[in-house]
Every structure is written in structure tokens, then in C-alpha cells.
Amino acid sequence: MKKRKAVKLLYKSFDKDLTTEEQNYLQKALKADGLETERREVQNLRHALEKSAVSGFSPFFSEKVVSRVKQQGREIEKQYFFESLTSRFYRVAVAAAVAILILISFSIIQNQNSLTPTTAVSSSRSLEEMLVPAFTTSLEDFYED
């Protein structure tokens, strides 16, 4: 327990001033517990860090980062918009396809004979006679006299 307290005081001594009582305790611990080598290693490390060159950021680094974050935010918003639009369109497309199938089947049921391909092929009438049957018969009858 005493060594742990001595180590805490050692590290505290690098950053803050110790009271006279704490300094005396630390000096006794350094001699008794062999913390002198650890103190030298920490001092050497601190000096090396102080001497090392701090590399700075390139000019306009923060502006580049902020613009990139904003751009990614916009892309995420666009992606969410298109995904929601796609899911909504899918529902509308399915509903429209079902409605079209219902209308086609209803039309087939109502006009069952006129939509079957066999009636158009088996008939000997011309296309004009099939489209306008009322006028062709009445006009032929009119000109025959």
C-alpha cells in the first residue's frame, strides 16, 4: 500500500507542487522502494515528448473535414429519401397491377365472346364489317336496288 501511495505521489510531483510532508514521504520512498529508476524513466520520457516536434494539420484541414461530414450527411439523406420513395412506389405499383388485373378479368368476363381469338379467325367477315356492322349492311342494301 505504501509503494502505491509513493507511485501516485511520484506522478503527481511531475504535474503539481507537493506539500512538504508529501515531498519528505516521496524522498524516503524513492530511496527505500527503488523508485529512482522509474522517476528517471518518466523524466526522460517527458523531456523526449517536450522536444519532439508537434506535427500540425495542413491549412484548411478543419474546413475540409466539416465539408466532408456535411456532404456525407446529405448523401445519407438522399439515400433515405430514395429508399422511402422506392418502398412507397413498390406498394403503389403492386396495387395498380392488381387493379389492372381485376379490370382485365372483368372486361373478359363481360365480353367473353368478342375477345376470344377463335371468333375473329373463324368469321368470314372483313375487318370493316366487324368494326361497323350496322353501316355495312344498311349501305349494301341501299345500293343493291
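The values are calculated or read from the model by the stated rules, or taken from the named source; none is laboratory data. None of the values given here were measured: they were computed from a predicted structure. Backbone-built Cβ (ideal geometry, glycine too); neighbour counts: all protein chains shown.
Within segment 1-58, track down each residue that is part of a helix (DSSP H, G or I), exposed (fewer than 13 other Cβ atoms within 10 Å of the Cβ) and either among the basic types (Lys, Arg) or in contact with a His (Cβ under 9 Å, 6 or more places away or on another chain) (or both).
Result: Lys2, Lys3, Arg4, Lys8, Lys28, Lys31, Arg40, Arg46, Lys51.
Ala99 - would you say it is assigned to a helix (DSSP H, G or I), aliphatic (A, V, I, L, M), farther than 30 Å from Phe14 by Cα and at pLDDT 90 or above? Talk me through it step by step, then tell me what you get.
Values: assigned to a helix (DSSP H, G or I): yes; aliphatic (A, V, I, L, M): yes; farther than 30 Å from Phe14 by Cα: yes; at pLDDT 90 or above: yes.
Here the answer is yes, as Ala99 does meet what is asked.
Between residues in segment 10-27 that are closer than 21 Å to Glu41 by Cβ and residues that are in a loop (DSSP other than H, G, I, E, B), which pairs lie under 8 Å by C-beta distance while being six or more apart or on different chains?
Filtered contacts from segment 10-27: Leu10/Leu35; Lys12/Leu18; Leu26/Leu18.
Looking for something under 45 Å from the mean Cα position of the chain (by Cα) and aliphatic (A, V, I, L, M) - is there at least one such residue anywhere in segment 29-46?
yes
May I ask you to verify whether Gly73 is outside any helix (DSSP H, G or I) and without any contact (Cβ under 8 Å) to a residue 60 or more places away in the chain?
Values: outside any helix (DSSP H, G or I): no; without any contact (Cβ under 8 Å) to a residue 60 or more places away in the chain: yes.
When the stated conditions are applied, Gly73 does not pass them.
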